[in-house]
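Peer 1: Structure below; questions to follow.
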Amino acid sequence: MNARFIESCHIPLAYERKEGTKTSYYLTMGKPEVLPTRISFGSYAQQKSSKNDETKKSEINGQYRKEEKGLYFNLNNRKIHSSIWGNAEYPEFYGYGIIDERFGIYDLLIFYSENECNQSFEIHIFKGMGKPELMKQAFQYLSAIKTRKPTFA
Amino acid sequence: MNLDYIEITKFLNKDSISFQYLERNAIYPNATRYYFNGCNKLEVWHNENLKQINVKGSIPYFLNGHNFYSSYEDWKEGFDYLNGCLQTNLYTGIVNSFEFGTIQEIPCSENEFLHNHIKAQGMQAREFRKGNVLTGKQFENSSLRLKIYDVSRNIKHKLEKGIQEDISRLHGWNREKHYIKIEAHYKKPEAHFQGNIHLSQLLSIEFQEGLKNDLLHQYQRIMKTGKTIIPQSKADINAGTIPLIILKELEAVFGFEAEKLIKDKLKTIPEDILSPNDRKARLRTIRENLKKITLAGNSEYDISEMLKAKIQEAIFNHRIN
């Protein structure tokens with residue numbers, strides 16, 4: 001896929017942990033009306049033994065408020081969920097998840113953080129790119145952006 | 001040489017599609033129009049009563065933001081992506097119409113090239129102009145529309161700078177050179193190819209090879225001027241030779257004989273204006289001028305050979321990959 005096309009599928013969001021909480025993160029930057037404004041970050045369910053080829057690092061869960069709008073509002077009774085898996089080929093990223101295979105949607109979520117997601121993280125959504133054949137291209141695209149050398153005017 | 005615009009109908013029967021990636025744009029009595037966003041939009045029409053969807057748009061524009069070049073792999077990847085997002089199999093959809101064409105560098109200006117492509121037998125010709133400048137021509141019959149147009153102008157005026165740079169870097173476009181797009185728009189593929197065409201069939205190597213040869217065949221149907229060899233001496237180009245050069249060029253295109261037309265015209269002039277001797281003298285001068293004009297076998301504006309070489313190269317590359 002052309003970088004320009006991947007760019008058109010890309011929605012970057014930034015979340016920050018609310019002070020005084022352990023797992024509650026709020027949207028601070030990026031397009032509203034995509035994911036819920038508040039999501040929780042942390043493991044609630046154990047990794048299934050059938051998925052032992054990958055390492056589950058965490059999960060995100062969230063629910064849109066009734067008055068909120070969002071990309072996945074109608075998907076699962078306003079709830080969103082994704083496990084977060086590590087990708088050894090791209091250690092610069094915390095991990096990735098997919099919303100939501102259970103409903104035939106394959107939106108790839110790549111998590112990036114400078115603090116192991118303890119304080120804040122970025123979620124880069126790539127619409128429709130959660131299938132294995134496209135995932136690598138999204139990682140390559142984002143890696144190129146994140147590791148781009150600074151330029152000076 | 002590649003596909004460009006396409007319209008596909010997919011019958012859903014009892015299945016449904018995913019609307020997750022579609023942006024509703026308009027509701028009509030029979031159908032709802034959605035947009036699917038990529039570099040450029042595709043239209044997806046949903047007709048609930050007929051249980052069908054129609055996907056319309058240029059796949060190269062959707063995937064790359066331009067139609068200068070798109071490979072077979074681009075198309076495959078694009079439709080795999082669309083199938084995943086819409087949760088349907090468009091490969092079994094019926095192709096209602098499509099465009100297949102190529103962009104060719106030419107040795108003269110686009111305007112000059114277009115002026116010298118006159119008409120195609122059995123097809124209605126139409127010109128497109130921006131002010132006084134000829135920007136395109138189209139030759140059309142009931143199932144096919146053949147378009148030739150100044151593609152450099154489109155690239156310079158319609159595409160943003162970044163895409164222009166991509167085209168230069170990746171596909172060698174040079175803004176100082178001249179390029180023409182030749183495109184066959186199959187309005188009724190089922191009539192042209194005598195049967196319904198499915199997307200999977202359209203994308204097959206055999207069909208693509210057939211389309212390349214058909215594009216050449218369609219281009220060769222266009223009658224071209226520019227077959228005369230301009231006299232090398234100034235003395236041989238007088239005020240009388242110039243209209244004759246034009247007449248000689250149009251002879252083959254419109255099927256007349258210039259000398260006979262002139263002779264017939266002279267005969268209609270009354271003898272009290274031009275006596276028989278005067279007529280003979282005029283005719284002698286015209287014949288002398290006609291002798292100065294020689295015709296080459298092919299029009300200098302005919303790019304058939306360039307297209308043939310391109311087809312050979314494309315077929316060879318396809319086979320070794």
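Peer 1: What's the number of the only condition in (1) out of contact with any Leu (no Cβ under 6 Å at 6 or more places or on another chain); (2) farther than 24 Å from residue B:303 by Cα; (3) within 14 Å of chain A (Cβ to nearest Cβ) that residue B:131 fails to meet?
Peer 2: Just one mismatch for residue B:131, condition (3).
Peer 1: Report yes if some residue within region B:33-43 is of a type in the set (A, V, I, L, M) and either within 14 Å of another protein chain (Cβ to nearest Cβ) or under 30 Å from residue B:169 (Cα atoms) (or both); otherwise report no. Can you show your working first?
Peer 2: We begin by selecting, within region B:33-43, every residue of a type in the set (A, V, I, L, M); these are B:42.
If we keep only those that are either within 14 Å of another protein chain (Cβ to nearest Cβ) or under 30 Å from residue B:169 (Cα atoms) (or both) as well, we get B:42.
Scanning region B:33-43, I find at least one residue that is of a type in the set (A, V, I, L, M) and either within 14 Å of another protein chain (Cβ to nearest Cβ) or under 30 Å from residue B:169 (Cα atoms) (or both), so the answer is yes.
Peer 1: Next question, about the same structure. Within region B:1-16, work out how many residues are surrounded by fewer than 18 Cβ atoms within 10 Å (Cβ to Cβ) and either aliphatic (A, V, I, L, M) or not in a strand (DSSP E or B) (or both).
Peer 2: The qualifying residues number 5.
Peer 1: Taking residue B:50, is it part of a helix (DSSP H, G or I), closer than 30 Å to residue B:191 by Cβ, away from chain A (no Cβ under 14 Å) and modelled with pLDDT under 95? Reasoning before the result, please.
Peer 2: Working: part of a helix (DSSP H, G or I): no; closer than 30 Å to residue B:191 by Cβ: yes; away from chain A (no Cβ under 14 Å): yes; modelled with pLDDT under 95: yes.
So residue B:50 fails the test.
Peer 1: If you don't mind, another one. Output the residue which, of all residues in region A:54-69 that are part of a loop (DSSP other than H, G, I, E, B) and either more than 14 Å from every other protein chain (Cβ to nearest Cβ) or small (Gly, Ala, Ser) (or both), is surrounded by the most Cβ atoms within 10 Å (Cβ to Cβ).
Peer 2: Narrowing region A:54-69 to residues part of a loop (DSSP other than H, G, I, E, B): A:54-55, A:64-69.
Imposing the further condition that a residue be either more than 14 Å from every other protein chain (Cβ to nearest Cβ) or small (Gly, Ala, Ser) (or both) reduces the set to A:54-55, A:64-68.
On the way: A:54: 14, A:55: 13, A:64: 22, A:65: 11, A:66: 7, A:67: 5, A:68: 15.
Ranking the candidates gives A:64 first.
Peer 1: Within region A:1-21, restricting attention to residues that are of a type in the set (D, E, K, R) and out of contact with any strand residue (DSSP E or B) (no Cβ under 9 Å at 6 or more places or on another chain), which residue is farthest from residue B:60 (Cα to Cα)?
Peer 2: From region A:1-21, those of a type in the set (D, E, K, R) are A:4, A:7, A:16-19; that's our starting set.
Subset that is out of contact with any strand residue (DSSP E or B) (no Cβ under 9 Å at 6 or more places or on another chain): A:4, A:7, A:19.
Working: A:4: 12, A:7: 15, A:19: 48 Å.
Residue satisfying both the conditions and the ranking: A:19.
Peer 1: Just a yes or no: is a residue in region A:14-27 more than 14 Å from chain B (Cβ to nearest Cβ), part of a strand (DSSP E or B), out of contact with any Ser or Thr (no Cβ under 6 Å at 6 or more places or on another chain) and closer than 23 Å to residue A:139 by Cα?
Peer 2: The answer is yes, given that some residue of region A:14-27 is more than 14 Å from chain B (Cβ to nearest Cβ), part of a strand (DSSP E or B), out of contact with any Ser or Thr (no Cβ under 6 Å at 6 or more places or on another chain) and closer than 23 Å to residue A:139 by Cα.
Peer 1: Between a first residue in region B:286-298 that is over 17 Å from residue B:262 (Cα atoms) and a second residue that is buried (at least 17 other Cβ atoms within 10 Å of the Cβ), which pairs have beta carbons less than 6 Å apart while being 6 or more apart in sequence or on different chains?
Peer 2: B:295/B:227; B:295/B:228; B:296/B:227
Peer 1: Count, please, the residues in region B:53-67 that happen to be away from chain A (no Cβ under 12 Å) and surrounded by 22 or more Cβ atoms within 10 Å (Cβ to Cβ). It would help to see each step written out before you state the result.
Peer 2: Our first condition is that a residue be away from chain A (no Cβ under 12 Å); within region B:53-67, this holds for B:53-58, B:67.
Now narrow it down to the ones that are surrounded by 22 or more Cβ atoms within 10 Å (Cβ to Cβ): B:53, B:55, B:67.
Qualifying residue count, region B:53-67: 3.
Peer 1: Oh, and also: In region B:76-94, what residues are under 22 Å from residue B:186 (Cβ atoms) and more than 10 Å from every other protein chain (Cβ to nearest Cβ)? Break it down into steps so the answer makes sense when it comes.
Peer 2: From region B:76-94, those under 22 Å from residue B:186 (Cβ atoms) are B:76, B:78-79, B:82, B:90-94; that's our starting set.
Correct list: B:76, B:79, B:90, B:91, B:92, B:93, B:94.
Peer 1: So if I check each of A:96, A:72, A:106, A:90, which one is within 22 Å of residue B:81 (Cβ to Cβ), at pLDDT 95 or above and surrounded by 14 or more Cβ atoms within 10 Å (Cβ to Cβ)?
Peer 2: Exactly one of A:96, A:72, A:106, A:90 is within 22 Å of residue B:81 (Cβ to Cβ), at pLDDT 95 or above and surrounded by 14 or more Cβ atoms within 10 Å (Cβ to Cβ), namely A:96.
Peer 1: Looking at residue B:88, is it part of a strand (DSSP E or B), surrounded by 15 or more Cβ atoms within 10 Å (Cβ to Cβ) and either of a type outside the set (D, E, K, R) or at pLDDT 95 or above (or both)? Give the derivation first.
Peer 2: Values: part of a strand (DSSP E or B): no; surrounded by 15 or more Cβ atoms within 10 Å (Cβ to Cβ): yes; either of a type outside the set (D, E, K, R) or at pLDDT 95 or above (or both): yes.
For residue B:88, the condition - part of a strand (DSSP E or B), surrounded by 15 or more Cβ atoms within 10 Å (Cβ to Cβ) and either of a type outside the set (D, E, K, R) or at pLDDT 95 or above (or both) - is not met.
Peer 1: When region A:119-134 is examined, which residues are found to be more than 9 Å from chain B (Cβ to nearest Cβ) and either touching a strand residue (DSSP E or B) at 6+ places or on another chain (Cβ under 6 Å) or buried (at least 22 other Cβ atoms within 10 Å of the Cβ) (or both)?
Peer 2: Just the residues of region A:119-134 that are more than 9 Å from chain B (Cβ to nearest Cβ), to begin with: A:119-126, A:132.
The answer is A:119, A:120, A:121, A:122, A:123, A:124, A:125, A:126.
The values are calculated or read from the model by the stated rules, or taken from the named source; none is laboratory data. Because the structure is a prediction, the values reported are computed rather than measured. A quick note on method: Cβ atoms are made from the backbone with ideal geometry, for glycine too, and the neighbour counts reach across all protein chains shown.
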